[in-house]
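The values are calculated or read from the model by the stated rules, or taken from the named source; none is laboratory data. This structure is a prediction, so every number in the text was calculated from the model and none was measured. Positions of Cβ are generated from backbone atoms using ideal geometry, with glycine treated the same way; all protein chains shown enter the neighbour counts.
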Amino acid sequence: MDRVDPPPSPPAPPKPIATADQVDVTQPNVTLPPAQENKPPIPITVTLFPSSPGVKTCRGSSFVNMALPSNASTEPVFTTKDGQCYNLPGTAQCGIFMGNKADGCEAKLFRGERCTAFSNVAVFQDELRPVGGFFASISIKCGIVPVEPKPLSLGGLGGKMQKPVPGGKGSRAARAVDAAMRAG
């Protein structure tokens, strides 16, 4: 039989995801990421537990639930030198201190009653972070201005960060920053 088969056809090329008419490749994408939403202010609260802290939160049921007024950072009771002292109904081993950074609140934790025998400090934060220790009284102070630490500076170490030249005695290679500036 003399039969002639048609030549096999090559597979069809894959369809493009987008054509040049649909995409503008010369203009950058100018859509901005959504702006960071301001978190709503959270109430200033203290929750204390008689049991030890767990990995992410305090264990057991709370025995002190206290809410401070929203204007605690301006009230004289909370802005005095030592703050407001509270005796607890028992010994706490874990506490969660929630508040806004702008309120500037901290709690000093004491082993003894009437805020004696200092034990630890807890800073009120807007995230769940347990603070452990044994404390029988707490002193709460608000209106503390937060201190933002400056970034670390290399200071005198900047010039010392050089590698020795291989085979050279006592000579040093140029710092990478200096070498890059000379090259470019």
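For this structure, a couple of remarks:
- Verdict on A117 being more than 17 Å from K141 (Cβ to Cβ) and among the hydrophobic types (A, V, I, L, M, F, W, C): yes
- Residue within segment 30-47 that is modelled with pLDDT of 65 or more and among the hydroxyl-bearing types (S, T, Y) present: yes
- Unique match (being out of contact with any Cys (no Cβ under 8 Å at 6 or more places or on another chain), surrounded by 14 or more Cβ atoms within 10 Å (Cβ to Cβ) and of a type outside the set (S, T, N, Q)) among F135, F124, F118, F97: F135
- Condition check for G143: surrounded by 14 or more Cβ atoms within 10 Å (Cβ to Cβ), modelled with pLDDT of 75 or more, touching a helix residue (DSSP H, G or I) at 6+ places or on another chain (Cβ under 9 Å) and under 21 Å from T45 (Cα atoms): yes
Residues are listed down the side, and each one gets a yes or a no for (1) under 22 Å from K56 (Cβ atoms); (2) among the charged types (D, E, K, R):
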residue: P69; (1), (2): no, no
residue: P76; (1), (2): no, no
residue: K81; (1), (2): no, yes
residue: Q84; (1), (2): no, no
residue: N87; (1), (2): no, no
residue: T91; (1), (2): no, no
residue: G99; (1), (2): yes, no
residue: D103; (1), (2): no, yes
residue: A107; (1), (2): yes, no
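- Selection of segment 56-85 for residues being among the hydrophobic types (A, V, I, L, M, F, W, C), under 17 Å from A122 (Cα atoms) and assigned to a loop (DSSP other than H, G, I, E, B) yields L68, A72.
- I96 being under 23 Å from the mean Cα position of the chain (by Cα), modelled with pLDDT of 90 or more and outside any helix (DSSP H, G or I): yes
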